[in-house]
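Student: Please read through the structure below; I'll follow up with questions.
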Amino acid sequence: SGTYIRSLINDLAVKVGSCATTVQLCRTKIGPFTINQAIDLDQLDLDQIKKNMITIQELQSIVDSFILNH
């Protein structure tokens, strides 16, 4: 969900008769999660995973739908 920034940049360039490209794009938030909560992959370990896990009930409050395979 959200704004398609790459498409917006392209559309703006076309509108002014030019061309453009997105050089760098950083998503800072998705749903209730922010970049400040992100964990570097090189720092990710089992303790970090356990500390940051959410319950199925919390997930249900965040997303509209999901498929749970078992």
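Student: For the stretch 38-68, which positions are of a type in the set (Asp, Glu) and exposed (fewer than 10 other Cβ atoms within 10 Å of the Cβ)? So that I can check it myself, show each step before the final result.
Tutor: We begin by selecting, within the stretch 38-68, every residue of a type in the set (Asp, Glu); these are 40, 42, 45, 47, 58, 64.
Result: ASP40, ASP42, ASP47, ASP64.
Student: Let me ask something else. Please enumerate the residues belonging to the stretch 4-37 that are assigned to a loop (DSSP other than H, G, I, E, B), open to solvent by 100 Å² or more (accessible area, probe 1.4 Å) and closer than 25 Å to ILE62 by Cβ.
Tutor: Passing the criteria: TYR4, ARG27.
The values are calculated or read from the model by the stated rules, or taken from the named source; none is laboratory data. Computed from a predicted structure; not experimentally measured. Virtual Cβ from ideal backbone geometry, glycine too; neighbours counted across all protein chains shown. Note: accessible area is taken over every heavy atom of the protein model, side chains too, but ligands, DNA and RNA are not part of it. Shrake-Rupley method; radii C 1.70, N 1.55, O 1.52, S 1.80 Å.
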